[in-house]
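First the structure, in the form of structure tokens, and then the observations on it.
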Amino acid sequence: MRIIALSDSHGNRGILRDAVEQALRAGPVDICVHCGDGVRDVDAIEAILRDRNPQARLYAVRGNCDVGAFDLPAIELFDAGGVRMLATHGHLYHAKQSYEELLCAAESRGAKAVFFGHTHRPVLEPARGVYLINPGAVCQRLKSNTAYAQVTVGPGGILRADLMPWLA
Ligand SMILES: [Mn+2]
């Protein structure tokens, strides 16, 4: 079970597509998460996923810049290989101030990982049995930056999380 998460594409559909292409070159994806701000950009990756990875589930949550996207949820709770995970943009939980509210949101729902964005700063941090995972802003494409975050769920629900850099 392999999850990739991207965030804050802010209208840069080509860059979002490049990041997903890079992730697909590394292997099949079971779940793709967009953590908001540019959430409509998922239109640009839906077809790629459907063509090349039809089993993939796509989750997209709205961010503070996704004005009018009220058809999309602010929070997604999903199961990945028997492990519950949460995705949310982060502004509703004041992620720029601290991660405490995000942690509480995950803990209260029994989630073992919380995917978020908003701060544009990649974060991979275990805290109180929860993985805090922010893939950073995909629109800030530099070779040294993170393209996407990856979580694999192994046997027994063991999580492995990584921030994957742009390869080119
Ligand atoms: Mn934001």
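The values are calculated or read from the model by the stated rules, or taken from the named source; none is laboratory data. All of these numbers come straight from a predicted model, not from anything done at the bench. Here the Cβ is made from the backbone with ideal geometry for all residues, glycine too, and neighbour counts use every protein chain on show. Side chains included, ligands, DNA and RNA excluded: accessible areas come from the protein's heavy atoms. Shrake-Rupley method; radii C 1.70, N 1.55, O 1.52, S 1.80 Å.
Yes/no per residue for (1) touching a residue at least 12 places away in the same chain (Cβ under 8 Å); (2) part of a helix (DSSP H, G or I); (3) more than 19 Å from L163 (Cβ to Cβ):
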| position | (1), (2), (3) |
| --- | --- |
| G27 | yes, no, no |
| D41 | yes, yes, yes |
| E46 | yes, yes, yes |
| Q55 | yes, no, yes |
| R62 | yes, no, yes |
| V67 | no, no, yes |
*Mind listing just one residue for me: the one in region 25-71 that is within 16 Å of the ligand (Cβ to nearest atom) and acidic (D, E) and, of those, surrounded by the most Cβ atoms within 10 Å (Cβ to Cβ)?*
D37
*Identify, please: which residue in region 104-116 is open to solvent by less than 10 Å² (accessible area, probe 1.4 Å) and over 14 Å from the mean Cα position of the chain (by Cα) and is, among those, farthest from G154 (Cα to Cα)?*
A105
*Of the residues in region 1-23, how many are under 19 Å from R160 (Cβ atoms) and away from the ligand (no atom under 14 Å from the Cβ)?*
7
*Going by the conditions given, is I3 touching a residue at least 60 places away in the same chain (Cβ under 8 Å), hydrophobic (A, V, I, L, M, F, W, C) and under 17 Å from A147 (Cα atoms)?*
yes
*asked:* I'd like to check something: does region 80-101 contain any residue that is surrounded by fewer than 21 Cβ atoms within 10 Å (Cβ to Cβ), assigned to a loop (DSSP other than H, G, I, E, B), within 16 Å of the ligand (Cβ to nearest atom) and basic (K, R)?
replied: yes
